[in-house]
Amino acid sequence: MSTGNPYNAGYNQGPTTYPSEPPGYQQHAGAKVYGSTPVVTITHPPTNWLCPAIFSCLFCFWPLGLAAIYYAWEANQRVERHDLRGAEQSASCAKTLTLTSVFIGVVTVGAILALYFTGVLTVQQKINHLP
């Protein structure tokens, strides 16, 4: 009997270490390596705010709506160029401008309706003061 490795049952196993990568292996461009295991992060393009931006331009506060349309368009262009970080920033700006435009539009319509229903602003008063 052999006095070497007590767990070797009489046959030669060879080395148990393996190469870290198979031949011809190419790591994914978005992969991050933690230890010896690559982790691929899948990123999705940001939400498209172009339609809400157009509606906010037409029906709410148009100056902010125009700026929101520009940033939403820019976000779409950046997605086509695979600049997802820039696209996320542009989409975030488009979202902020769109929601601000809608807020200003709702507050303005609410203020006009409040003035109308309290009697401060009436159509009849406007007609009587026409030259």
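Can you list residue pairs whose Cβ atoms sit under 6 Å apart, with the first residue in the range 43-56 being modelled with pLDDT under 80 and the second being of a type in the set (A, V, I, L, M, F, W, C)? Count only pairs 6 or more apart in sequence or on different chains.
Filtered contacts from the range 43-56: Thr43/Leu84; Pro45/Val79.
Please count how many residues of the range 61-82 are touching a Cys at 6+ places or on another chain (Cβ under 7 Å) and either more than 18 Å from Val106 (Cα to Cα) or at pLDDT below 90 (or both).
Result for the range 61-82: 2.
Cβ-Cβ below 8 Å, separation at least six or inter-chain, first residue in the range 57-80 and closer than 17 Å to His44 by Cα, second not in a helix (DSSP H, G or I): which pairs?
From residues that are closer than 17 Å to His44 by Cα, the pairs are Ala72/Asn48; Ala72/Trp49; Ala75/Pro46; Ala75/Asn48; Ala75/Trp49; Asn76/Asn48; Val79/Pro45; Val79/Pro46.
Scan the range 95-113 residue by residue and report those that are crowded, with 17+ Cβ neighbours inside 10 Å and polar (S, T, N, Q).
Thr98, Thr100, Ser101
How many residues does the range 68-98 hold that are among the acidic types (Asp, Glu) and not in a helix (DSSP H, G or I)?
1
The values are calculated or read from the model by the stated rules, or taken from the named source; none is laboratory data. Keep in mind that this is a model prediction, so the values were computed, not measured. Positions of Cβ are generated from backbone atoms using ideal geometry, with glycine treated the same way; all protein chains shown enter the neighbour counts.
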